[in-house]
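**Student:** Structure in structure tokens, see below.
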Amino acid sequence: MLYNLTYRSIAIPEITYEQIEDILKTARNFNSKNDISGCLVFNKGYFIQLLEGSKATIKELMDSIERD
Ligand SMILES: Cc1cc2nc3c(=O)[nH]c(=O)nc-3n(C[C@H](O)[C@H](O)[C@H](O)COP(=O)(O)O)c2cc1C
């Protein structure tokens, strides 16, 4: 069964466009190889992300995003 997770997080104020592009590149690469789909939105200093895939993979990924 697919597991869904949606969260909102506050970016550091000094985040750059290049850093956001790096996150997207990493996410597209890792997520497609691990059957994770979703959507990453950045607006006015906030990220909103939807993730869908296996529960174990999403939980591991979320640990890594939280550390980031
Ligand atoms: C808001 C945000 C969303 C992220 N989303 C993903 C994602 O969907 N998939 C992914 O692989 N990495 C994502 N990352 C990057 C991970 O946090 C992490 O840097 C990456 O998985 C590499 O981890 P590692 O250095 O421990 O190997 C995101 C980072 C941030 C700040």
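The values are calculated or read from the model by the stated rules, or taken from the named source; none is laboratory data. Everything quoted here is computed from the prediction, not taken from an experiment. Note that each Cβ is placed from the backbone with ideal geometry, even for glycine, and that neighbours are counted across all protein chains shown.
**Student:** Going through the stretch 27-36 one residue at a time, which ones are surrounded by 11 or more Cβ atoms within 10 Å (Cβ to Cβ) and within 10 Å of the ligand (Cβ to nearest atom)?
**Tutor:** Residues of the stretch 27-36 that are surrounded by 11 or more Cβ atoms within 10 Å (Cβ to Cβ), as a first pass: 27-28, 30-31, 34-36.
Once the filter is applied, which keeps residues that are surrounded by 11 or more Cβ atoms within 10 Å (Cβ to Cβ) and within 10 Å of the ligand (Cβ to nearest atom), the stretch 27-36 yields Ala27, Arg28, Phe30, Asn31, Asn34, Ile36.
**Student:** What pairs come out if I take residues in the stretch 54-66 that are in a helix (DSSP H, G or I) and pair them with residues that are modelled with pLDDT of 95 or more whose C-beta lies under 6 Å away, six or more apart or interchain?
**Tutor:** The qualifying pairs are Lys55/Tyr3; Thr57/Asn34; Ile58/Tyr3; Ile58/Leu5; Ile58/Leu51.
**Student:** Every residue in the stretch 55-67 that is surrounded by 14 or more Cβ atoms within 10 Å (Cβ to Cβ) and more than 10 Å from the chain's Cα centre (by Cα), please.
**Tutor:** Matches in the stretch 55-67: Thr57 only.
**Student:** Filter the stretch 43-54 down to the residues that are surrounded by 16 or more Cβ atoms within 10 Å (Cβ to Cβ) and near the ligand (Cβ under 10 Å from one of its atoms), then identify the one that is nearest to the chain's Cα centre (by Cα). Working first, answer last.
**Tutor:** Our first condition is that a residue be surrounded by 16 or more Cβ atoms within 10 Å (Cβ to Cβ); within the stretch 43-54, this holds for 47, 49, 51-53.
Within this subset, residues satisfying the condition of being near the ligand (Cβ under 10 Å from one of its atoms) are 47, 49, 51, 53.
On the way: Phe47: 9, Gln49: 6, Leu51: 7, Gly53: 12 Å.
Here the residue is Gln49.
**Student:** For the stretch 9-31, name all the residues that are of a type in the set (A, V, I, L, M) and either more than 15 Å from Glu66 (Cβ to Cβ) or touching a residue at least 12 places away in the same chain (Cβ under 8 Å) (or both). Full working, then the answer.
**Tutor:** Quick first cut of the stretch 9-31, residues of a type in the set (A, V, I, L, M) only: 10-12, 15, 20, 23-24, 27.
Across the stretch 9-31, the qualifying residues are Ile10, Ala11, Ile15, Ile20, Ile23, Leu24, Ala27.
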